[in-house]
Amino acid sequence: MGQRKGYKQTQEHKDKISNSRKKFLIDNPNAGFQKDNDYCRNFAGKRHTEETKKKISEDRKVNNPMFNPETCLKMAETRVKTEVNKGDKHYNWKGGITPINKQIRESREYKAWRKSVFERDKYICQECGAKSCEGNTVYLNAHHIKPFAIFIDLRFDIDNGITLCRKCHSKKPKGEEIYKIKYE
Ligand SMILES: [Zn+2]
């Protein structure tokens, strides 16, 4: 490495060593070496006066950004911006789960749920009463009353399903749309 070549102790470094020695002596008054240096003679046993304490406290307030109203405001703004970014991330995430939703909708469990809903409703649209008959095919959907995307536990709950014809179903906001309205 060789960085010690020509190394010269900076004043700061010297002070650091000196301060840590002083601290050591305060913490260990019986350490028994350099006990008689000026520092110990002058400071040992003395305590900060109330005024000094107050001054230290004031200095801290000045130097501490948390006490600076401008900084506080900036931090609040940053928090708001972060929330907005979270929203963006949230939409990315939603995009990410779409294939999963598709997978679920194609799953055996989902198909079984849909069939149960249709059977319970006798393959009749629960909104307009449409049903398939000879020469007229009505396409039915098993609609999630509580959105599929939010109420994960109710995805396969028959009570959360309702049979709707395609037309009536298209009038219902889709789960993801409700989700957007709710969280946008
Ligand atoms: Zn209908």
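None of the figures in this text is laboratory data; all of them are computed from the coordinates on show. None of these values were measured; they are calculated from a predicted model. Counting neighbours? That spans all protein chains shown, and the Cβs are built from the backbone with ideal geometry, glycine included.
Quick check: residue separation of LYS172 and HIS13 times 0.36 nm, minus the Cα distance between them. What number comes out in nm?
Additional length available on full extension: 50.1 nm.
Taking amide H atoms as placed 1.01 Å from N in the peptide plane, list the residues 5 or more away in sequence, or in a different chain, whose amide H sits under 5 Å from that of ASN141.
LEU164, CYS165, ARG166
Label TYR123 and LYS54 with points 7 Å out from Cα along Cα→Cβ: what is the distance between them in nm?
8.9
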